[in-house]
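Asker: Right, I'll just put the structure down here and ask away after.
All of the numbers you see were taken from the coordinates with simple rules; none came from a lab. Bear in mind that the values here come from a model prediction, so they are computed numbers and not experimental data. A quick note on method: Cβ atoms are made from the backbone with ideal geometry, for glycine too, and the neighbour counts reach across all protein chains shown.
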Amino acid sequence: MASSLISPSPVSSFIRNKKGSGFSAFPSTSQIAIQKCNKQVSKKIVSVMAPQQSERKPATTGSVKTGMTMTEKILARASEKPQLSPGDNVWVNVDILMTHDVCGPGSIGIFKKEFGENAKVWDREKVVIIPDHYIFTSDERANRNVDILRDFWAEQNIKYFYDIKDLGNFKANPDYKGVCHVALAQEGHCRPGEVLLGTDSHTCTAGAFGQFATGIGNTDAGFVLGTGNLLLKVPPTLRFVMDGEMPPYLLAKDLILQIIGEISVAGATYKSMEFVGTTVESLNMKERMTLCNMVVEAGGKNGVVPSDSTTIVTWIAPPDPSNFSLFKTLTTTMMGSSSLGEATMTTPKDKTSLPYEPAYSDAQASFLSEYRFDISKLEPLVAKPHSPDNRALARECKDVKIDRVYIGSCTGGKTEDFLAAAKLFLASGKKVKVPTFLVPATQKVWLDLYTLPLYLDPVERRCPRFSKKLAVIHLQALAAVLVWVALKTHARMNEPKVCVSTTNRNFPGRMGHKEGQIYLASPYTAAASALTGYVTDPREFLQ
Ligand SMILES: CC(C)[C@H](C(=O)O)[C@@H](O)C(=O)O
């Protein structure tokens, strides 16, 4: 297989095969130029003794002595150090701690045991509690977990608690949100340059907003509740440069499946994964979230996308919200930029009014390794059972007969994921052949499905005449009914079925039966597969 440079590199490059066991072509993606550039400090991690805690003020842009990566810079600022290197252990100040109904009770238990029954959390405005895993169940112990969160919220006067009050009717609860990682972004808790920790492995999703976001255990969370600090080892950074125009049949899910297939499920263990390049810049925020959501499936400590006008203007708000003229100019520019676009245009007041300071990798920053991809040549991918790195081309699996399709979860249950599926359904004019489950990640996503048009005319900013409301398209295409249920309890496979799913993990038993077979795929591929009853390349319906 020939490899070609995408941009000039000072060093020789090579193609690395799956699992990193050698350097040869990976046949199923032979058209894709993938390069791992050993540049600058590659592979050698400089081990530096952690400097003494000092009274120094946080590092700011321009004050560093040598180059740092984005992750190192965020952690340097959060630990009030001028300089950090991979391997340093530092106490960081936490900006947000998120917990949910699975790990919240355990974290609260540790907090109370270590800090006392009457202890107060370090900052009632920095703790975000989101019941989401156990909500639609009558299981007593599950209900008890949510009750523990309620008691803690009342006792501590926690500002952000997205409770569900009527389990029988989620619509009656405007405070209720849904899947925590999507809700965190939706409710404005994700800001560039900050440190967000959560008791869930997919907390890394928030790296899409240019922040350091990672999952932690209950013991660490209990400690953070009491102090607002955590001791963290600075991870080295792997850099993924994705360039080229994204073909209209690809989504961010294909990009991350490509990367995990390349480096394996252990390829980024305790490493930061930084995503850059023209393709990444073209992705809307929800797609960047999909990219970062799955870094933990490669073992990554965190994933980051540098914040840009897409992050700041279309999603969060300018650091200085009073600068409305800049906001309006950028907003106008962004609105016409993508056919799939961001489903919800926001105004500054929608997200955050808190100040934040984005961080970016220095030009002289050292990366452990750099991987380069020409995305214009990538084809739709799936991860075959039973591992997220079991990469294959969707078209190679066209003989795999499936029993059902699932579109949902923190990875693939966002408004834009349904928008993509609807686009494919509309293009096909067909109905699904297998039961297809649509599970919106949050109440807002659910509402979007009934209110948003498939797409807006970029010039007119209104629904073209031939377009239809999303829900109408889905309901026409689906034999299944649009339903709302809790993450992971829905579409449970009680029998060994074969499912194409937009979720993040396909380990045995992940969706129920341990012999169930899960093919991880993008919403396009999932929708195309629903229409045929086989794993299907979305190019059969989209070009
Ligand atoms: C329950 C929680 C601890 C778990 C995680 O951390 O990933 C869950 O969200 C999952 O996706 O399996």
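Asker: Determine, for CYS204, CYS103, the number of other Cβ atoms within 10 Å of each Cβ, and report the residues in order from fewest to most. Could the numbers behind the result be given before it?
Answerer: Numbers: CYS204 29, CYS103 20.
Taking fewest neighbouring Cβ atoms as first place, the list is CYS103, CYS204.
Asker: Which trypsin sites (Lys or Arg not before Pro) in the range 161-245 sit in a loop by DSSP (not H, G, I, E or B) and have at most 16 other Cβ atoms within 10 Å of their own Cβ?
Answerer: Those that pass, being in a loop and sparsely packed, are LYS165.
Asker: In addition: When ranked by the protection proxy of mean other Cβ atoms within 10 Å per residue, highest first, what sequence do the peptides 292-299, 414-421 form?
Answerer: Ranking the peptides 292-299, 414-421 by packing returns 414-421, 292-299.
Asker: Follow-up. Restricting to Cα pairs below 8 Å that are 6+ residues apart, what does the relative contact order work out to for the range 181-245? Please round to a whole percent.
Answerer: 23 percent
Asker: Report the extension gain between LYS165 and ILE148 in nm, rounded to one decimal, defined as 0.36 nm multiplied by the number of residues separating them, less their alpha carbon distance.
Answerer: Roughly 4.7 nm would be gained on extension.
Asker: Using a 10 Å cut-off around each Cβ, can you sort THR279, THR227, THR451, THR71 from fewest to most neighbouring Cβ atoms?
Answerer: Numbers: THR279 23, THR227 16, THR451 10, THR71 29.
By the 10 Å Cβ count, ascending: THR451, THR227, THR279, THR71.
Asker: Go through 396-402, 242-248, 179-185, 370-376 and give me the packing order, highest mean Cβ count within 10 Å leading. It would help to have the intermediate numbers written out before the result.
Answerer: Values: 396-402: 15.7, 242-248: 18.0, 179-185: 27.9, 370-376: 21.6.
Ranked from most to least packed, the peptides come out as 179-185, 370-376, 242-248, 396-402.
Asker: Taking the Cβ of ALA427 as the center, what net charge do the other residues with Cβ under 12 Å away carry, scoring Lys and Arg +1 and Asp and Glu -1?
Answerer: +2
Asker: Then there's this: With r as the distance between the Cβ atoms of GLU245 and ASN173 and R0 = 45 Å, compute the FRET efficiency 1/(1 + (r/R0)^6) and round to 0.05.
Answerer: Computed FRET efficiency for ASN173 and GLU245: 0.60.
Asker: Between LYS120 and TRP91, how high is the FRET efficiency from 1/(1 + (r/R0)^6) when r is the Cβ-Cβ distance and R₀ = 30 Å? Nearest 0.05. Numbers along the way, then the final one.
Answerer: Working: r = 20 Å, r/R0 = 0.67.
Using R0 = 30 Å, I get an efficiency of 0.90.
Asker: Continuing with this model, one more query. If I model a spin label as a point 7 Å beyond the Cα along the Cα-Cβ vector, how far apart are those points for ALA363 and LYS430 in nm?
Answerer: So the two model labels end up 5.2 nm from each other.
Asker: For SER501, SER307, what's the fewest-to-most ordering of other Cβ within 10 Å of each Cβ?
Answerer: SER307, SER501
Asker: Continuing with this model, one more query. Quick check: residue separation of GLU281 and THR137 times 0.36 nm, minus the Cα distance between them. What number comes out in nm?
Answerer: The GLU281-THR137 span can extend by a further 47.8 nm.
Asker: Based on the alpha-carbon gyration tensor of the range 156-313 and its eigenvalue square roots a ≥ b ≥ c, which shape applies: rounded if a/c is under 1.5, prolate if not and a/b is larger than b/c, or oblate? Don't jump to the answer; show the numbers that get you there.
Answerer: Numbers: a/c = 1.92, a/b = 1.34, b/c = 1.44.
In terms of gyration-tensor shape, oblate.
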